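Let me begin by presenting the structure, written as structure tokens, before commenting on it.
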Amino acid sequence: AAKGNGCGRFAFYSSDLHQAAEDRRALEEDLRDALARGEIALAYQPVVNARSNMVTGVEALIRWTHRDRGAISPALFIPIAEEANLIWPLGEWVLRKACEDAAGWPGEMRVAVNVSPIQFANPELPKVVAKALAASGLSPDRLELEITESVFLGDTAEANRMFKALKGLGVRLALDDFGTGYSSLAYLQSAPFDKIKIDQSFVRGATEPGSRNSAIIAAIVALAEALDMETTAEGIESLDQLDLVRKLNVSHVQGYVYSRPVPCADLVGHTEAGVWTIKPSGPARQRND
Ligand code: C2E
Ligand code: MG
Ligand code: MG
Ligand code: MG
């Protein structure tokens with residue numbers, strides 16, 4: 001522990017950093033064989049039509065249950081996977097598993113899969129997507145790929161080629177975490193998105209008096225409508241937040257107020273006569289799932 005002089009403090013910070021680097025390396029090592037050990041799974045969170053309470057699809061969210069440490073957040077291990085070249089095998093597994101599960105669901109139910117910018121930058125991505133569709137027999141319009149604004153930081157011509165190739169497969173594209181990243185709207189001119197996902201940071205606090213967030217949400221909805229895109233408000237936890245985004249004409253809603261991400265088998269509980277409906281239920285009590 002650090003006390004007193006500057007040297008001591010330096011030593012404290014330096015060993016802290018050292019510890020963090022060690023932790024990260026250990027996680028990276030364990031992540032290498034996490035798939036083979038069966039520690040990786042998918043959880044699914046319903047995406048609900050804001051007017052009808054009908055479930056129109058689900059988002060697939062990766063889960064890692066570490067043998068000693070238990071659940072590890074994707075916010076922690078996805079960046080490690082991206083740096084350690086592990087996002088490609090993990091991403092391919094997620095695509096295959098999500099398509100396979102979704103092929104067994106009723107009706108028009110869609111599945112959304114998060115695609116890392118690293119995957120998006122790889123010209124092999126359309127092939128991997130096509131293989132997952134073919135292996136599962138899932139109709140391409142039932143698969144939605146979620147990408148973030150950071151893909152526009154790279155080569156624009158390459159990005160446009162990738163968009164074309166993916167749309168050519170017949171899959172849907174969603175822009176995830178909108179408004180939190182690269183702050184240019186120019187890419188919306190040409191990028192063929194079917195949906196904009198409004199980041200949960202805009203929902204946080206939107207119901208507080210004097211908050212400007214509802215003005216921002218309204219502007220995003222107007223933009224999406226003008227461009228003929230759907231909107232999903234992410235991270236809706238309370239009935240007040242649900243009320244607000246409904247008033248702001250958001251087309252779809254996702255959040256703990258409807259359901260936390262759950263294992264595939266638990267989704268069946270929402271099925272009634274081949275149609276999935278779900279009722280919103282009070283404010284969520286815990287934040288972590
Ligand atoms: P995301 O794609 O924006 O996913 C939404 C996150 O919000 C999920 O966190 C979800 O569990 C959480 N969430 C949903 N409803 C609520 C709510 O009402 N309140 C709160 N506080 N949170 C809510 P999760 O599962 O921890 O995933 C975090 C991020 O990790 C994802 O953000 C996504 O960027 C990334 N991720 C997850 N799965 C994958 C994957 O298979 N591949 C890649 N490349 N990234 C993934
Ligand atoms: Mg997402
Ligand atoms: Mg998001
Ligand atoms: Mg996010």
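The values are calculated or read from the model by the stated rules, or taken from the named source; none is laboratory data. On a predicted model such as this, the values are computed, not experimentally measured, just so you know. A quick note on method: Cβ atoms are made from the backbone with ideal geometry, for glycine too, and the neighbour counts reach across all protein chains shown. Surface accessibility is based on the protein's heavy atoms, side chains included, excluding ligands, DNA and RNA. Shrake-Rupley method; radii C 1.70, N 1.55, O 1.52, S 1.80 Å.
Worth pointing out:
For (1) modelled with pLDDT under 95; (2) within 16 Å of ligand 4 (Cβ to nearest atom), each residue gets a yes or a no:
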residue	(1), (2)
236	no, yes
240	yes, no
251	no, no
264	yes, no
284	yes, no
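- Taken as a whole, the structure places residue 202 among residues that are among the aromatic types (Phe, Trp, Tyr), within 15 Å of ligand 1 (Cβ to nearest atom), outside any strand (DSSP E or B) and free of Cβ contacts under 8 Å to residues at least 40 places away in the same chain.
- Output for the range 162-199, where each listed residue is closer than 18 Å to residue 112 by Cα, in a loop (DSSP other than H, G, I, E, B) and either open to solvent by 50 Å² or more (accessible area, probe 1.4 Å) or touching a residue at least 40 places away in the same chain (Cβ under 8 Å) (or both): 171, 194
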